[in-house]
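Notes for the one structure printed next.
The values are calculated or read from the model by the stated rules, or taken from the named source; none is laboratory data. Since the structure is predicted, the reported quantities are computational estimates derived from the model, not experimental observations. Because the Cβ atoms are built from the backbone with ideal geometry, glycine has one as well, and the counts that use them run over all protein chains shown. Each accessible area value is taken on the protein alone, full model and side chains, heavy atoms only, with ligands, DNA and RNA left out. Shrake-Rupley method; radii C 1.70, N 1.55, O 1.52, S 1.80 Å.
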Amino acid sequence: MTFRQFAFNNVLRNKRLYIAYFLSSMFTVMVFFTFAIFAFHPAFSGGSVNENALFGMAVAGGIIYVFSFFFVLYSMSSFLQSRKKEFGLLIMLGASNKQIRWMVFLENIFIGFLATVAGILAGLVFAKAILLVAENVLIISESLYFYFPTLAIVITLVSFIFLFFCISVFVSVILRTNKLVNLIKGDKQSKGEPKASVILSILAALLLIVGYGTALYVKGVNVVVAMVPVIIVVTLGTYLLFTQLSVYVIRQLKRNKSIFWRKTNMLLFSDLSFRMKDNARTFFMVAIISTVAFSAIGTLYGFQSYLTKGIKEVNPYTVTYSPWGGDSEEIIEQDINEINAILQEENIDAKMESIELTYFDTHEKDRNVLIVRASDYNRFAALGGETELSLKENEAIVVEQSGAVVAGGPKASEVLMKSSVQLDNGQEVQPSHVVESEVLSEINGYYVVHDKVYENLGRPVRSEINVAWKANEGQHDQVLDAGKKLNEQLEYKAFSVDYSLFEINKAFGPILFIGLFIGIVFFVSAGSFLYFRLFTDLEGEKQKFRSIAKIGLTQAELKKVVNRQIALLFFSPIVVALIHGAVALTALSHMFDYNLIEEASIVLGSFALIQIIYFLLVRFFYVKQVKRSIM
Amino acid sequence: MLKLSKVSKVYEGKVAYRALNDINLEIEKGEFVAIMGPSGSGKTTLLNIISTNDQPTTGEVEIDGKNPHKLTKNALAKFRRNELGFIFQDFNLMHTLTVEENIVLPLTLDGARVKVMKEKASKLAVSLGIESIMNKRTYEISGGQAQRVAIARAMIHEPKLLLADEPTGNLDSKASKDVMSMLVSINEKEKTSLLMVTHDPQAASYSDRVVFIRDGKLHSEIHRGENRQAFFQKIIDMLSLMGGDGNDFSSVRV
Ligand SMILES: Nc1ncnc2c1ncn2[C@@H]1O[C@H](COP(=O)(O)OP(=O)(O)OP(=O)(O)O)[C@@H](O)[C@H]1O
Ligand SMILES: [Mg+2]
């Protein structure tokens, strides 16, 4: 048997040991490959997707590749860690360092090659699944059909063979062969409970408080300015949180015998502190990666909702029509007929209301104000399903659009409240209060007055016609078709909310898809980190539980320990990430001054739910494995 | 206290192997019994069956009138940590815990009070001479020290039956004498029944009775009588009668 054969057989016959490492490598390849499938999808290279989206994809691809590198390196180092004892034995039996490095090198090339091939195969399946999701969730006009991704395969194969080659060289060179005795003691040797310094623990808390405080405090454009420093501070804080603060807390817990020596706590905490170094690193990575995922998806989703919800809110009607300033009455009449015809063509039941918006002079010159008859207002309010106003004679109410954003200057309502409605006879009517509504669209706000008051207003300086249609519920598809036609035939004059939303979603679809995909990839990676962490320690755990079972450990106690152990591993980084994500999304909502609570809750809530399901699944298999080993 | 009737164990495999054959054995309360026999004769197998770590193929085991093999898993776990104490051949200590924590582990699982645990642990530590290493981790102590830690852990909950697989296997003669006197004093003071597998005639001579096994069958037994020196001589004689040179035994373990 040559040494090469030995290395080869070592992998094949030690399958179980290698499987975790193999799986995590395969997973990484799969993620990259799936991404490549989309990046090189003919639909995207067709040119119809905008430049920014393509650039975003390229950046994301790079991040994923770099990330793969670290992930594989990390998996590899903990894999080698668990094999210390084996190396020790080999050295004791007379293997030279060179031989061991050579063995590790060959193994990695071998595993790397298998992982790359398997990852590509798994990626094909994964891509198909993602496409199904994308098709159902997003509007992507270029249908992302499934194609045979030759280019993606070649690129993935080359990149990863290269990556595994680099890592193999890298690892076999840095694999410093420690003192033999340390190797032989292997896993029994403490990896050293990391020291926790009080100062650094306090610093961790401070950094997080400052980071959060700043993120929550700043408003508007300042959010952008503060973003990078806050990210750095919080990342650092998170790192210290896991490496210092948590170690510190566990140490204190261990020192407190009435807690540490209580029932199964000893089993739980001794293990936690024993693995704290590895765990801290995993926790940190998982927390940060998940935060990226949450924030990416939350931001895109929030942004989309900001665009679409805003439009929906300010447009309560299905179709609105407002002519150009110079349009004659004939043209207007023609237009309205045309709109009605189109609506009829599509079999849409819609009610129509029209109004003549009349503008009057004010005290200040160059400023006109819209004054509306209460009955007109109420007709439109009824059409749009908003609350009608009841005015007393000689009353005026200021109406302001809640969604209207006026950059700088006083709010529209403030100006109007200070001023008043002038009547023909020289009298003035003071406005009584402000109402927010979207019944009529006028960015500067307007007065609504009692019909009788309106009679006494005199001549308006100008007037324009506005017509609105409201379709009955449940005709979405027809309305979309009509909107498309209206958009083509009466560009800019007729406005269909549903069609504009559709257009926005369409333009946003690919970007959202990429964001969603990256988010999912990062989140799934975080999950696989945890999985890998858990299962590298599985053999040791089994050993431990086997020993304790001999002394006497009930099933319930075993379950309790394992349950808490996995729960801590799975939820402590995710909870931190959820908090980070919530803070980030709050900052985002401050930036746009737009309430994102609903969107943030949906995104964060679904991630939390997925994590819980993942936890239950993993726990089920883990407990099963441990139980089987102690029988 | 302990009663085995017609216990047999067959290891299934490519070739079924009968490791124990119709063993009948009875141990009184407070009795100290040593089991000896050539390597591969079935001593560890027997101990595993008594300690409920393994099931007998046929036959009955009774401890204090109960058959532990008929208990549910949970009841069995409780039974183990309340009634039985083990000293394993390979110590079976947890490397993530300190010596002291290892010793109190069975009590913590039962939810004992910290003060009680501390007292018991330190009392045992003093009598076993391991007080100075109580805060060390298990990889920082010697084999003999680990052996004593394992003994302390097996005794902390004052079991009714203490089972030991070669408790002196890792010790020099001075240390093994200490450990043996320790076991004897527990046996006498606490009235703990003791069953010990050993290859060491010296250690065996501390017992009240030595049972010899060969090829999975009871071969013979000898009682101690008054004189320990004479007992020791009888053990040596029996060993050489059973299978050549007595020295053969001391080098072989599981
Ligand atoms: N799990 C097993 N499967 C099959 N055969 C086994 C198994 N365990 C032990 N045996 C066989 O049963 C016989 C008795 O083994 P046991 O371990 O009880 O011996 P022992 O008396 O403790 O020996 P030693 O003095 O060397 O420790 C041996 O022949 C062994 O090969
Ligand atoms: Mg044995």
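Annotations
- Taken together, B:G40, B:G30 contain a single residue that is within 16 Å of ligand 2 (Cβ to nearest atom) and away from every other protein chain (no Cβ under 14 Å), which is B:G40.
- A:F303 being open to solvent by less than 40 Å² (accessible area, probe 1.4 Å), over 21 Å from A:V576 (Cα atoms) and modelled with pLDDT under 80: no
- Put simply, of B:F231, B:F212 the only residue that is open to solvent by less than 20 Å² (accessible area, probe 1.4 Å), within 16 Å of ligand 2 (Cβ to nearest atom) and of a type in the set (F, W, Y) is B:F212.
- Residue satisfying all of: in the range B:68-85; among the hydrophobic types (A, V, I, L, M, F, W, C) and under 21 Å from B:L4 (Cβ atoms); surrounded by the fewest Cβ atoms within 10 Å (Cβ to Cβ) among these: B:A75
- Count of the range B:180-209 residues which are within 16 Å of ligand 2 (Cβ to nearest atom), out of contact with any Asp or Glu (no Cβ under 9 Å at 6 or more places or on another chain) and modelled with pLDDT under 90: 0
- Any hit, the range B:80-94, residues being away from ligand 2 (no atom under 16 Å from the Cβ), over 18 Å from the mean Cα position of the chain (by Cα) and within 26 Å of B:M180 (Cα to Cα): yes
- Candidates A:T282, A:T320: the one that is open to solvent by less than 20 Å² (accessible area, probe 1.4 Å), touching a residue at least 40 places away in the same chain (Cβ under 8 Å), away from chain B (no Cβ under 14 Å) and of a type in the set (S, T, Y) is A:T282.
- Boolean, A:T264 is open to solvent by less than 20 Å² (accessible area, probe 1.4 Å) and away from every other protein chain (no Cβ under 14 Å): no
- Selected residue (criterion: farthest from the other protein chains (Cβ to nearest Cβ)) from residues of the range B:128-151 that are open to solvent by 30 Å² or more (accessible area, probe 1.4 Å) and over 19 Å from B:D90 (Cα atoms): B:G129
- B:G169 passes every criterion in (1) among the small types (G, A, S); (2) open to solvent by less than 40 Å² (accessible area, probe 1.4 Å); (3) assigned to a helix (DSSP H, G or I) apart from (3).
- A single entry from A:K309, A:K219, A:K277 fulfils the requirement of being without any contact (Cβ under 8 Å) to a residue 24 or more places away in the chain, open to solvent by 40 Å² or more (accessible area, probe 1.4 Å) and either of a type outside the set (G, A, S) or over 30 Å from A:V603 (Cα atoms) (or both): A:K309.
- Exclusive hit being modelled with pLDDT of 85 or more, within 15 Å of ligand 1 (Cβ to nearest atom) and of a type outside the set (S, T, N, Q), set B:P68, B:P38: B:P38
- Residue within the range A:548-562 that is away from chain B (no Cβ under 14 Å), open to solvent by 60 Å² or more (accessible area, probe 1.4 Å) and in contact with a helix residue (DSSP H, G or I) (Cβ under 7 Å, 6 or more places away or on another chain) present: no
- Each residue in the range A:584-623 was checked for being buried (at least 21 other Cβ atoms within 10 Å of the Cβ) and β-branched (V, I, T), and 1 pass.
- Search result, residues across the range A:522-547 that are modelled with pLDDT of 80 or more, within 14 Å of chain B (Cβ to nearest Cβ) and within 23 Å of A:Y614 (Cα to Cα): A:E541, A:K542
- Options B:A75, B:A112, B:A125: the member that is away from every other protein chain (no Cβ under 14 Å), more than 30 Å from B:G243 (Cβ to Cβ) and without any contact (Cβ under 8 Å) to a residue 60 or more places away in the chain: B:A125
- When B:I35 is tested against (1) surrounded by fewer than 17 Cβ atoms within 10 Å (Cβ to Cβ); (2) within 16 Å of ligand 2 (Cβ to nearest atom), just one condition goes unmet, and that condition is (1).
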